[in-house]
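Inspection log for the structure reproduced underneath, given as structure tokens.
The values are calculated or read from the model by the stated rules, or taken from the named source; none is laboratory data. Everything numeric in this text was worked out from a predicted model, so none of it was measured. Counting neighbours? That spans all protein chains shown, and the Cβs are built from the backbone with ideal geometry, glycine included.
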Amino acid sequence: MLLLVPFVDTMTTMLNEKLPLTPAEWELWGNPIKSKEYFEYILSYAPYNNIDKKDYPAMLITTSLFDNRVLYSEPVKYIAKLRETKTDNNTQLLKCKMEAAGHGGMSGRDNAIKELAEEYSFILKSANMNKK
């Protein structure tokens with residue numbers, strides 16, 4: 001499973017009105033600061049808040065220090081809790097891009113091909129299809 005720059009700490013982000021994108025998102029998601037109904041609804045599906053003690057598939061989770069849409073702390077926090085809580089031995093990898101890369105990844109054709117190759121490699125490895 002690929003989680004590419006995922007919005008996984010929804011509740012924390014939606015409660016932080018100082019983040020530049022949050023107030024505009026309230027029109028779409030609802031404002032959990034002002035509405036108990038929206039708070040409970042967002043909490044019901046927020047990925048970080050709904051990690052349970054169970055098996056999860058192998059995952060490659062990506063993030064970037066320079067993403068202005070999903071803060072890098074969201075996937076980092078998510079994978080830490082996931083690794084602590086899950087009951088399986090499946091691999092959960094985190095790739096944090098330290099060089100300039102936005103929400104869509106690094107720019108340039110070669111960089112896009114490299115990222116795709118890493119993603120396909122993870123999928124094939126997880127499916128045990130690349131045995132020698």
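State whether the residues of segment 72-85 include one that is in contact (Cβ under 8 Å) with a residue 12 or more places away in the chain, part of a loop (DSSP other than H, G, I, E, B) and under 13 Å from the mean Cα position of the chain (by Cα). Yes - at least one qualifying residue is present in segment 72-85.
For first residues located in segment 27-50 and modelled with pLDDT of 95 or more, partners that are in a helix (DSSP H, G or I) and small (Gly, Ala, Ser) and lie 6+ apart or on another chain with Cβ distances below 9 Å form the pairs ASN50/SER44.
Scan segment 1-53 for residues that are assigned to a loop (DSSP other than H, G, I, E, B), of a type in the set (Val, Ile, Thr) and either closer than 29 Å to LYS86 by Cβ or within 13 Å of the chain's Cα centre (by Cα) (or both) and jot them down. Hits for segment 1-53 are VAL5, VAL8, ILE51. Being more than 30 Å from ALA117 (Cβ to Cβ), surrounded by 13 or more Cβ atoms within 10 Å (Cβ to Cβ) and charged (D, E, K, R) holds for only one residue in GLU25, GLU37, and it is GLU25.
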